[in-house]
Structures are given as structure tokens and as C-alpha cells.
Amino acid sequence: MSQPHIVAVPYPAQGHVLPLMELSLWLVKEGCKITFVNSEFNHKRVMKASSENDDVRNKINLVSIPDGLEPEEDRTDLKKLTEAIGEVMPGKLDEVIKMINESDENGVSCVIADENVGWALGVAEKLNIRRVAFWPAAAATLTSFFSIPKLIDDGIIDSDGAILKKQGIKLSPNMPIMNSSDFSWAFFPDPALRRVVFDLVNDNAERVKSANWIICNSAKELEPEAFAMFPQMSPIGPLLATNRLGSSTGHFWPEDSNCLNWLDQQPHNSVIYVAFGSFTILDLTQFQELALGLESSKRRFLWVVRENLILNGDSVYPKGFKDRVGNRGHIVKWAPQQKVLAHPSIACFVSHCGWNSTVESVSNGVPFLCWPYFADQLFNQSYICDIWKVGLGFNKNENGVIGKEEIKNKLDKLLGDTTFKEKALDLQAKVNTSVKEGGSSNKMFGKFVDWIKTQRSSI
Ligand code: UDP
């Protein structure tokens, strides 16, 4: 049988590129050939941050296309980025696919595109190629997108996504309550930007319904009610590098592996891991309060202070902080997070609750202190604290800041009560069973691979 050739298209953000690269490596293991289409901007970052013997360079064909912005332009301006992408990337992807069709005798066998790049599914449809939508976040979040027509009918939002009623909503009886003001698009105070995000979310949710598959990096065991509500979503995860016995690939920043040596020297179950993913921004007051909270906890900590973590400025630590904590605290710019979370010295994770971080922690039985920043992270926190009961949230003070006493108190509470760890280990066992031979995600992944291999051309 000839080798299926898959074109994979991520949304251009770290939390989207990493899991799609991971899925790509799982498919390479199954005998598929992958052409991975990053934006030029992100491709350069991945190449710079990876080493020559990295899996990502040797097992996947990495190509890049422009995203429509100049290298120095601000890619955090979502409105500008979305418009530029829409104008440039579909045409360029079309060219990549046609080139493969000319050079590979069997042509492209399917396109796997992040749900957030519905335009890539549109290109595949136009070229009569089979389409797979990859959803890298919680199925429950996609469920909220699929529920938009009902939310409009029920008068909760209007057709522009504006929140008409601020209230708690249960999308299905066993799902946690979701606050209407926490919908992903509602985070953006500027109505024009909110509208752009809402239209994108809504259009993509409609478009993926005609894809041949919607695969989710989640497990039935984690969110059974979301999968029951929209059975067209297929759980195949969590697909993690640590389950593949490899290193995770596709990082935008170089991983600082020295922290693993530092972890080796710490007692088991003693270190607080603090990391907020690739996007979260803290203001300086909040940053310093966090530093003081970690200091006053008197516990060991490993803290990721990303280069652009602080709003409009540098990470200025409280005076004398580094001297006072000494070797009890270790700070890095970017950690090999999956390996960190799998390390026996880690006791808990102070996390922004991005979905990748969530499933990585769950897969390693590590309890959470939740510090959500925006979008789906608020809903993920509800799963962590209210449904799975493997973590606690923080309360902000009257100035909207999570204070040092609150940080210390919540650390004491979480680590002083063994039930959080016990429940985290129970959940870990369930989730890890699902990706092992015969588990629910593993079986679904097997069906998906069979489909890729057997049906070659029809859509
Ligand atoms: N990550 C990492 N090193 C770090 C911080 C994060 O490798 O120091 C990885 C983490 O393992 C996860 C991804 O970056 O796979 C972040 O994705 P997530 O969905 O948690 O958050 P986002 O960055 O999308 O907000």
C-alpha cells in the first residue's frame, strides 16, 4: 500500500503548533508522510529553537508560507493578523498542495487543519481533498461554539456575539456552569475585535461540521458529557510526547533542560511548578506579588518567566528576592514542560489552565492551582476544580490582584490535603488507560488511522 501523504496546517500560535506536531509524529509512526505548513514567522522560530537531530526536523517535511504580515509587525494584534491571514494564506496553501500533487504520484491524501483555520479546510474542499479538523482544546469548549445558534435563540448573546445576559449556563446537565461573560470571544473589550473573533469562531464551527473527521486532543474519560452532546467529535488524546517516549517538538523558544538537573536534586513531591503557557501576560504588580507569594511559601519552586510575560516591560523582581530564595527557587525562560511535569519532584502546578498544560498535568497526576488568564482557560478551571476536583482556584483582592498571602494560603491548602493528589492519581490512571492499547482514545485513533490508510481519494 502506498504511503498516505498528509498536509497539516496549525493555527499560528504555540499552543496549537505543539499538539498538531505531536499528532503528526504519531501519524509518522503509523506510516504516514507529513508536510507541516507553518507560517514563515513561526517556522523560523521553530527552526531556531530546535536542534538538528530533533524529531521535528527529521521525521516531518517542514514547509512555510507567509501569514501576510511583515516580520516586525505585531502578531498579537488579532484583528490585523486575522485579516492578513485570510488574504494571503489560503492562496499559498493551495500552491503547496498543488505542488505536492504534481511531485507525489499519489497526491495529498488528506488535509488535517486546526479547527481555528477553517480557511484551510475550505482550500481542501475546493481541491476535492478529504478534510480533518483537529481541535487542540477541550471538547467542552468546542461544544460551546457549536451551541452558538442556541445561545442566540435563547437571547444569551446577539448575532454579533455581544453578551445580552450575564448568567451561568449549563450546556448539558452534567457539564460545569459556564459564565456567559467567559465565552472565548467575550474577553475582548473592543467591540470590533470581539466581532472579528466571534465571526471566526462561528464560521469555523459551521465549516468543520462538513469535515470527514473532527478529532480532539482529549479523552472520553475527561469530558464524557461533551462527547455525548456532539458525537461527531472524536477523542483521540491526549497525545503527548511523553506517551510516545519522545521529546515534544515545535517549540518557539529553546527549552532550558538544565532545570531537569536541578529537579533531580530536589526531594520527591516537593517542587511547585509555575508556568503560564505562551500567551498570558501579567502586570508588574501581579508578577511581584507572585514572586513574594512563592518566597513566603518557603517551598521549592521552578518558575517559567517567559521573555514577554510582563505587560509593557521587563521582569523586575522584588528587591533582594533572588538572594533570599537562593537555590530553593529555579527560574527559566522556557521549560521542557512535559518532562518537568513527569518528574517525581513536582508537587503541584500553578497553571494558567491552557488545555495543553491541563492535559499534560492530568496525564502526570499533578494537582493544580488555577490562574486562568482568558478564553477557554476559565472553563478548563471549572473542570479542574469542580468536576475532577484536582485543584483549587485563587481569589483576587479588591485591586484585582492575587495577593502573596492568597498564594501562600492556597499552596498550603492544596499541599496540606492529600485528597487532591489522590484524585489526580485516579484521573491520571483513567486518562493514561485511554491512550494505551485497547483504551477508548487509542481505539478511536486506530479507526482514524485506518480511515486515512484505506480511503484514498473520495471526499
Ligand atoms: N510549554 C513548554 N514550556 C514552558 C511553557 C509551556 O513547553 O515553559 C508548553 C506546554 O507544555 C504546552 C504549551 O507550551 O504544551 C502551552 O499550551 P497551553 O495550551 O497550555 O497554553 P497556551 O500557550 O496556548 O496559552
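The values are calculated or read from the model by the stated rules, or taken from the named source; none is laboratory data. Predicted model, so just to flag it, every value in this text is computed and none were measured. Positions of Cβ are generated from backbone atoms using ideal geometry, with glycine treated the same way; all protein chains shown enter the neighbour counts. All accessible areas refer to the heavy atoms of the entire protein, side chains included, with ligands and DNA or RNA removed. Shrake-Rupley method; radii C 1.70, N 1.55, O 1.52, S 1.80 Å.
Matching residues to (1) crowded, with 19+ Cβ neighbours inside 10 Å; (2) part of a helix (DSSP H, G or I); (3) touching a Cys at 6+ places or on another chain (Cβ under 6 Å); (4) in contact (Cβ under 8 Å) with a residue 12 or more places away in the chain:
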{"site": "LEU294", "(1), (2), (3), (4)": "yes, yes, no, yes"}
{"site": "LYS319", "(1), (2), (3), (4)": "no, no, no, no"}
{"site": "GLY326", "(1), (2), (3), (4)": "no, yes, no, no"}
{"site": "ALA347", "(1), (2), (3), (4)": "yes, no, no, yes"}
{"site": "VAL359", "(1), (2), (3), (4)": "yes, yes, no, yes"}
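Out of all the residues in the stretch 308-330, which are away from the ligand (no atom under 11 Å from the Cβ) and either under 19 Å from the mean Cα position of the chain (by Cα) or among the polar types (S, T, N, Q) (or both)?
Selection gives ASN308, ASN312, SER315, ASN327.
Take the stretch 240-277 and flag every residue that is under 20 Å from ASN38 (Cβ atoms) and open to solvent by 30 Å² or more (accessible area, probe 1.4 Å).
SER247, PRO254, GLU255, listed by residue number.
Being near the ligand (Cβ under 6 Å from one of its atoms) and touching a strand residue (DSSP E or B) at 6+ places or on another chain (Cβ under 9 Å) is the filter here; which residues of the stretch 331-351 pass it?
Selection gives TRP334, ALA335, GLN337.
Can you give me the ranges of the helices (runs of 4 or more DSSP H) entirely in the stretch 1-76 with at least 2 residues that are at pLDDT 95 or above and more than 14 Å from the ligand (Cβ to nearest atom)?
Where helices (runs of 4 or more DSSP H) fall fully within the stretch 1-76 and carry at least 2 residues being at pLDDT 95 or above and more than 14 Å from the ligand (Cβ to nearest atom), they are 14-29, 40-49.
Across the stretch 362-384, what is the number of residues that are polar (S, T, N, Q), without any contact (Cβ under 8 Å) to a residue 60 or more places away in the chain and within 12 Å of the ligand (Cβ to nearest atom)?
1
Within the stretch 407-438, which residues are in a loop (DSSP other than H, G, I, E, B) and either among the acidic types (Asp, Glu) or in contact (Cβ under 8 Å) with a residue 60 or more places away in the chain (or both)?
Correct list: ASP417, GLU437.
Give all pairs with beta carbons closer than 8 Å in which a residue from the stretch 176-199 that is part of a loop (DSSP other than H, G, I, E, B) meets a residue that is hydroxyl-bearing (Ser, Thr, Tyr); count only pairs at least 6 apart in sequence or on separate chains.
PRO176/SER382; PRO176/TYR383; ILE177/SER382; PHE183/SER144
Mind checking whether some residue in the stretch 28-43 is open to solvent by 10 Å² or more (accessible area, probe 1.4 Å), within 23 Å of THR358 (Cα to Cα) and of a type in the set (Phe, Trp, Tyr)?
Checking the stretch 28-43: not a single residue is open to solvent by 10 Å² or more (accessible area, probe 1.4 Å), within 23 Å of THR358 (Cα to Cα) and of a type in the set (Phe, Trp, Tyr).
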